[in-house]
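Coordinate-derived values only; no laboratory data. It should be emphasised that the depicted structure is a prediction, and the values quoted were computed from it without experimental measurement. All Cβ positions, glycine included, derive from the backbone under ideal geometry; neighbour counts span all protein chains shown.
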Amino acid sequence: MKGFFKWLGKVVGTALVLCLVIVFLPRISRFVARYLPDGSQNAVTVSAVLSRHMEESARLETNVVSDTGVISSSVDALLIGQVQNVVIQYSYEASLGIDLKKVEMVIHGNTLTLKLPPLEVMQDSLTVTNVEKDDFWFPLTEGRRQQLIDDERLKCRAHYLEENEENTKARETTVKVVNEMVNSLLNETGGMGVQIECIPYQAQN
């Protein structure tokens, strides 16, 4: 008999606990929602989806630039004066973009912030369109010609990566392209109520 009452007590106790849980569950849920970031779990899920896509895509080309320029170089000799003068006209083309693996993601509630890395030159080329030279006394060698071209190519790269109007426009285009890519991916996953914002490299300071 004693065992029966013990068993009955356990049944009644369990039933009472279940009733209390059912009654107070809505209040508990509201209490938890008040103190936990709303939608943070969805933001974590979306960030995982984006991370996987960025790992697969790696390098994202967002801008194509083209320009023309002139390389001018001369060589002087002691007592004689100028012995070589070279003028090389060229066209320069490059694609700019970012390494998606370097994108930093920060979660705050249901907001996912993408901090973009600095722009990189994905690929570029410098094509000589015309060469004028006066080098009777000191002929232009192929090695010096190539060195002039290589040095100018590095200058062109640096120009599009430094702070200037072209670089600012390229960053703005990059933010636009990344937003379009993210929105396309979120449409496939339903978005999950997560807000996305992209911050270009300059705005991270």
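Given charges of +1 on the Cβ of Lys and Arg and -1 on the Cβ of Asp and Glu, with all other atoms neutral, how large is the dipole of segment 150-201 about its Cα centre, in debye to the nearest 20?
Rounded to the nearest 20 debye, it is 140 debye.
Taking the Cα centre of segment 88-154 as origin, work out the dipole magnitude from +1 charges on Lys and Arg Cβ and -1 charges on Asp and Glu Cβ, in debye rounded to 20.
360
Report the net charge of residues surrounding VAL83, where surrounding means a beta-carbon distance below 10 angstrom and charges are Lys +1, Arg +1, Asp -1, Glu -1.
Details: positive: none; negative: ASP76, ASP134, ASP135.
Taking every other residue near VAL83 into account, the sum is -3.
Starting from the Cα of GLU93, step 7 Å along the direction of its Cβ; do the same at ASN179; then give the gap between the two resulting points in nm.
Modelled inter-label distance: 2.9 nm.
Could you name the aspartates and glutamates in cross-link range of LYS155, using Cα to Cα under 15 Å and dropping any fewer than eight places away on the same chain?
Cα-Cα hits under 15 Å: ASP67, GLU93, GLU120, ASP124, GLU163, GLU166.
Can you tell which of THR45, VAL64, THR173 lies farthest toward the positive end of the dipole of segment 37-204, using +1 and -1 charges on the Cβ of basic and acidic side chains (Lys, Arg; Asp, Glu)?
Most positive-ward Cα: THR45.
So which chymotrypsin sites (Phe, Trp or Tyr not before Pro) in segment 102-179 end up in coil per DSSP with only 14 or fewer other C-beta atoms within 10 Å? Walk me through the numbers on the way to the answer.
Numbers: sites: PHE136, TRP137, TYR160; in loops: PHE136, TRP137.
Passing sites in segment 102-179 are PHE136, TRP137.
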